[in-house]
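Chemist: To start, I am sharing the structure in question, which I have written as structure tokens.
The values are calculated or read from the model by the stated rules, or taken from the named source; none is laboratory data. The shown structure was predicted, so the numbers you read here are calculated from the model rather than taken from an experiment. Virtual Cβ from ideal backbone geometry, glycine too; neighbours counted across all protein chains shown.
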Amino acid sequence: MKLASFNDHRIGVVMGDRVHDVTACVPAALDTLPAQRMRWLIEHWNETRLQVESIVAAGRGSITLDSVALLAPVPAPAHVFAAPVNYQKHIGELGNRAVSKKGRSAREQGFFLKAPASVVGPSEGITLPRGSQRRFDHESELAVVIGRGGRNIPRAQALDHVFGYTCLMDLTMRIEPGTGEEERSMRKSFASFTPMGPWLVTQDEVGDAGALRNSLSVNGEVRQDANTRDLIVGIAELIELVSSVLPLQPGDVIATGTPDGVGPIVAGDEVTIEIERVGRMTLTVREAEQMAPRPY
Ligand code: MN
């Protein structure tokens, strides 16, 4: 099943070119916190799924997909965890721009955090800081959405905690030579630097997420083209790692790291990510209208 957040945080099931509005399955009490509806639905999926399916089966009131504004499927996750460089061919590509110290493996680097408020959906687009001379890069990543939370989840049981998958762009402001050390979470947490979508696909529909083509293009030119079979730290091991540090919550997002082909984006670009059996989304890049008081 493909679950989407759209318009003012309504919940939809996407079937072909139609969206079935199933917001009625979520308690009205969440009308005051609409961005939390998807997290509630994920947490209560086992007892809500039949109701969702019956609304879809009734087929009343569905609308066309191209008439809605798609938001990130989980618009307000409690956490966005992210793996660093994590495909066999990617290490070394960043050269002296690399964030991590040379010679450290993906496994040794662990994970980092992106600010949940940096999450946007395809209808919102990517906004770069105004007037910056820096380089801003795209990273094409499969994102895991956690269903059942937990602490200290061993990798053998980890996939039971997965709710589904979505496409995620991990956008990064690069360190310029001579700038010195800058903290990675900050450079990856500008508002809109974590696009997700176009929807999330439940685990049963994706099947083995360890063999999915993951590609990204800019203005139609393919920049990244890889397969999740080349992940160094796999999905189950990432869940084991993160949950060893703190409890995972329903709706938490784990970005699984980028393959090679990381490259720059500038205002005016159209960036498209496509992950096999998950989806395809395009975002437009623009420059912020306001100059920040602390420029980059
Ligand atoms: Mn990344």
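Chemist: Let me confirm something: among S217, S123, S185, which residue is within 15 Å of the ligand (Cβ to nearest atom), surrounded by fewer than 21 Cβ atoms within 10 Å (Cβ to Cβ) and more than 14 Å from the chain's Cα centre (by Cα)?
Modeler: Only one candidate passes the filter, namely S185.
Chemist: Also, quick follow-up: Do we find that L168 is out of contact with any His (no Cβ under 7 Å at 6 or more places or on another chain), at pLDDT 95 or above and within 16 Å of the ligand (Cβ to nearest atom) in this structure?
Modeler: In short, yes.
Chemist: Quick test for you: out of S118, S100, pick the one residue that is modelled with pLDDT under 95 and more than 25 Å from L212 (Cα to Cα).
Modeler: One residue alone meets the criteria, S100.
Chemist: Next question. Step by step: first the residues of region 239-257, then only those that are surrounded by fewer than 24 Cβ atoms within 10 Å (Cβ to Cβ) and in a loop (DSSP other than H, G, I, E, B), then the one that is nearest to the ligand (Cβ to nearest atom). Which residue is that?
Modeler: V245
Chemist: (1) over 15 Å from the mean Cα position of the chain (by Cα); (2) buried (at least 24 other Cβ atoms within 10 Å of the Cβ); (3) within 15 Å of the ligand (Cβ to nearest atom): which one isn't true of D260, the others all being true?
Modeler: Every listed condition holds for D260 apart from (2).
Chemist: Say we look at region 222-238 and pick out the residues that are of a type in the set (V, I, T) and either away from the ligand (no atom under 16 Å from the Cβ) or under 13 Å from S140 (Cα atoms) (or both); which of these is surrounded by the fewest Cβ atoms within 10 Å (Cβ to Cβ)?
Modeler: V222
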